[in-house]
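Note sheet for the following structure.
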Amino acid sequence: METIRAVSLTKTYGQGELAVTALSDVSITVDSGEVAALLGPSGSGKSTLLTALGLISLPDSGSLWLEGRQVLRDGRPVGDLAKVRRERIGFVFQKSNLIPFLTARENVSLALEINDRKGREVQARVEALLRYLDLGERMDHTPDELSGGQQQRVAIARALATSPAMILADEPTAALDSVRGRNVMELLRRVAREQRTAVVVVTHDHRTLDVFDTIHEMADGRFVEPSVDAASAS
Ligand SMILES: Nc1ncnc2c1ncn2[C@@H]1O[C@H](COP(=O)(O)OP(=O)(O)OP(=O)(O)O)[C@@H](O)[C@H]1O
Ligand SMILES: [Mg+2]
């Protein structure tokens, strides 16, 4: 099933001589259970595309469907985008961005409370998620008591809390060594397969490309022919 379909997204930052075209006629679809990589040099538009797909920063034009429902028509929102973003999309960033004075359990719970879900059912879900991500022994630790890889796994648990249709991750392994980086990538793939989530990951790490089903490469705001393909990556 197609989770996200983006057609002809364009975005320009600034005006006149300072204008930078960050997205130029970019189209992409990602299915449920699919793990897609987004490659390309610095400034090629990867984060801009990710924030457009995530309805964080809207493109100037283009259309977007999430789970078959149109959310953007010619660059204009259709319906309550903040609600769609909160309920159907999970984000993971380069740094885990956990709230430092809350425990792992509280950080994940917060994501559910924001969606008005409270009570014992929430606690059970949070504990199950943390155990699923192998953090059963770390639930009551604050971020400074966790390793970088553990913090990133809490961030993934937080992104998964609402059972989103799609997870968008911007260089989630950049702050990790290669072993922990690979663990996080493999975890994202497991999540995609088991939860039927569409996952899009911006990465510079060519050593983990074998984890991905599809590889998209950007240059100057456009998709280009990938210099590597998923099947032959190792
Ligand atoms: N808020 C902004 N205002 C002006 N220009 C911006 C803004 N955000 C991004 N840009 C420009 O848009 C282009 C694409 O930026 P983007 O952040 O999407 O690149 P990226 O591929 O994610 O790069 P990196 O690998 O360095 O993170 C760049 O030329 C960048 O300078
Ligand atoms: Mg970026």
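The values are calculated or read from the model by the stated rules, or taken from the named source; none is laboratory data. Just so we're clear, the structure is a prediction, and the values are computed from it rather than from any experiment. Ideal geometry is used to build each Cβ from the backbone, glycine not excepted, and the neighbour counts take in all protein chains shown. These accessible areas exclude ligands, DNA and RNA; they are computed on the full protein's heavy atoms, side chains included. Shrake-Rupley method; radii C 1.70, N 1.55, O 1.52, S 1.80 Å.
Within segment 22-38, how many residues turn out to be under 20 Å from L209 (Cβ atoms) and either touching a Pro at 6+ places or on another chain (Cβ under 7 Å) or not in a strand (DSSP E or B) (or both)?
Number of matching residues: 2.
Mind listing whichever residues of segment 37-63 are away from ligand 1 (no atom under 15 Å from the Cβ) and within 14 Å of the chain's Cα centre (by Cα)?
Hit for segment 37-63 is L55, nothing else.
For segment 141-187, which residues satisfy the criterion of being farther than 19 Å from R105 by Cα and touching a Leu at 6+ places or on another chain (Cβ under 6 Å)?
L168, D170
What are the residues in segment 4-28 that are farther than 10 Å from R222 by Cα, in contact (Cβ under 8 Å) with a residue 60 or more places away in the chain and open to solvent by 50 Å² or more (accessible area, probe 1.4 Å), if any?
R5
From the list A169, A175, exactly one residue is farther than 29 Å from V71 by Cβ and within 16 Å of ligand 1 (Cβ to nearest atom). Which is it? Give the steps one after another, and end with the answer.
Details: A169 fails: farther than 29 Å from V71 by Cβ.
Of A169, A175, the one residue that is farther than 29 Å from V71 by Cβ and within 16 Å of ligand 1 (Cβ to nearest atom) is A175.
Take segment 166-211 and flag every residue that is open to solvent by less than 10 Å² (accessible area, probe 1.4 Å) and not in a helix (DSSP H, G or I). Let's see the steps before the verdict.
So the first thing to find is which residues in segment 166-211 are open to solvent by less than 10 Å² (accessible area, probe 1.4 Å), and the list is 166-169, 172, 181, 184-185, 188, 191-192, 197-203, 208-209, 211.
Within segment 166-211, M166, I167, L168, A169, P172, T197, A198, V199, V200, V201, V202, T203 qualify.
Name the residue, out of S163, S227, that is outside any helix (DSSP H, G or I), open to solvent by 10 Å² or more (accessible area, probe 1.4 Å) and out of contact with any strand residue (DSSP E or B) (no Cβ under 8 Å at 6 or more places or on another chain).
Details: S227 fails: out of contact with any strand residue (DSSP E or B) (no Cβ under 8 Å at 6 or more places or on another chain).
Criteria check complete, one pass: S163.
Among residues belonging to segment 29-43 that are within 26 Å of R76 (Cβ to Cβ) and buried (at least 18 other Cβ atoms within 10 Å of the Cβ), point out the one that is farthest from ligand 2 (Cβ to nearest atom).
V30
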